[in-house]
Each structure stands twice: as C-alpha cells, then as structure tokens.
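Read-outs: derived from the displayed coordinates by stated rules, not from any lab. The model shown is predicted, which means the values in this text are computed figures rather than measured ones. When we count neighbours, we look across all protein chains shown, and the Cβ atoms used for this are built from the backbone with ideal geometry, even at glycine.
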Amino acid sequence: MIPEPLRAIESDLRKAGARRQYNGLAARLEEIRRVADEYFAELPDGDPLRLEIAHWVLDTIEWARLMVTTQRQGLSNELARLPGIATYTVGRYQDHIGHRLPTVCIDL
C-alpha cells in the first residue's frame, strides 16, 4: 500500500496537471522522490512494498511526462495554425494589393 504522504503529493500533482499548471512540476516530482527515498530507507531490502512504491513513482513520472508532452504538442499545433489563419484572413477580408501578409512574433 502506497503511503498517504505520497498519495497526497500525487493528488496535488494531478490537480495541477488538470489545470495545466506545469510551472511547479519539477518541484513536485522532486518531493515525490524525496519522500519515497525516506520510505525506502525505513523498509528492509526484501520488503515487497519497496517494489510497489518504486513502480508507483515510475508510473507517476510517466503520467507527468505524458501530460507535458501532450500540452507541448497542443501548443505547437496552435502555433503552426497561426500563419494559415493570417493568410486566410488577408485573402478573404482585405484587398491583396498593397497589403503585406501579417507577421507574428512570439517570444518564448
């Protein structure tokens, strides 16, 4: 059984992921690692709970990686659509002659 302090941190991490607030992700993952290490230090070497906690931590990290990857891909798709929208707007709502295509500058 996964200790309650680890579950609480995971719950906080998942809530932040649901809100797309990834700015504290590294700190939360570090806290999970630190707390898991504390539990590992208390458990004997052959205890099956060590393996269960290790798998749980790895699953949590994989979930976080997947959420960040998905968010980045979504933002990348939105950025890729910007020039197409600008070109469509110029051709449809403005006279082509005498107008330049709009440029987009995004500071990342």
The range 4-93: relative contact order from alpha carbon pairs under 8 Å, six or more residues apart, as a whole percent, is 28
For the range 40-80, the dipole about the Cα centre with charges only on Cβ (Lys and Arg +1, Asp and Glu -1), to the nearest 20 debye, works out at 280
Distance in nm between A27 and E62 label points, each 7 Å along Cα→Cβ, equals 2.8
For A41, the net charge from surrounding residues (Cβ-Cβ under 13 Å; K, R +1; D, E -1) works out to -2
Descending packing, highest mean Cβ count within 10 Å first, for 22-28, 71-77, 52-58 is 52-58, 22-28, 71-77
